[in-house]
């Protein structure tokens, strides 16, 4: 039958691993690591963070097979996945590890295992499926991003702008993307009144994504241009609504 893999049989690192250490440990235990393309491994040199999850498991008649998904977040905001197959070829034998860069290769390797004949390939009676880690929402450009974050916060005129803790996190930013958000406020107002909302998305050194939401508007007593910065889109849009309501 198919069951969740017992975590006690799959030894975790004794302490938090870096992306490089995690890759090295995976390659050391994989019997076929020498078959992996060099370029597939080299692209992980710029990995910022990693995540591992159990993808599926099958135990039957002393035989077992588990598959794991290992995903690395790269410096450009993209993600790379390796697939690990763990299995024994005879009841009671030691587990063997194989690693693949393509899910189709994983399926082919799984089909070769001596599982019971009535078990269809990869169509398990019970499948342990963990949610995939989310792909980054942005395409980041490495740049002087920490300085860009400082300049965005410096021009914010609202007293409830992001705090010093957020500023400290953004000091570790090394890539960012700016996009304009649309929609609301739609209420009327004086001639020349304008609102613009921008998301400044930052990629931090630890792989975390953090955004500043900048409102640019002319809803000021003298019609001058003003910038406000918020930590969330909801807060920024609420501020736009309040400003627009006062001018309606």
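The values are calculated or read from the model by the stated rules, or taken from the named source; none is laboratory data. Please read these numbers as outputs of a predicted model, since none were measured by experiment. Heads up, the Cβs are rebuilt from the backbone with ideal geometry, glycines too, and the neighbour counts pull from every protein chain shown.
Tabulated data for the structure shown
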| item | result |
| --- | --- |
| Criterion (in contact with a helix residue (DSSP H, G or I) (Cβ under 7 Å, 6 or more places away or on another chain), at positive phi and either surrounded by 14 or more Cβ atoms within 10 Å (Cβ to Cβ) or modelled with pLDDT under 85 (or both)) met by exactly one of 161, 184 | 184 |
| Residue list for the range 213-248, filter: modelled with pLDDT of 90 or more, assigned to a strand (DSSP E or B) and in contact with a helix residue (DSSP H, G or I) (Cβ under 7 Å, 6 or more places away or on another chain) | 213, 214, 215, 228, 229, 230 |
| Any hit, the range 134-145, residues being buried (at least 17 other Cβ atoms within 10 Å of the Cβ) and at pLDDT 85 or above | yes |
| Pick from the range 108-122, criterion at pLDDT below 50 and under 30 Å from residue 41 (Cα atoms), ranking: surrounded by the fewest Cβ atoms within 10 Å (Cβ to Cβ) | 121 |
| Residues within the range 71-107 that are without any contact (Cβ under 8 Å) to a residue 40 or more places away in the chain, part of a loop (DSSP other than H, G, I, E, B) and surrounded by 14 or more Cβ atoms within 10 Å (Cβ to Cβ), tallied | 1 |
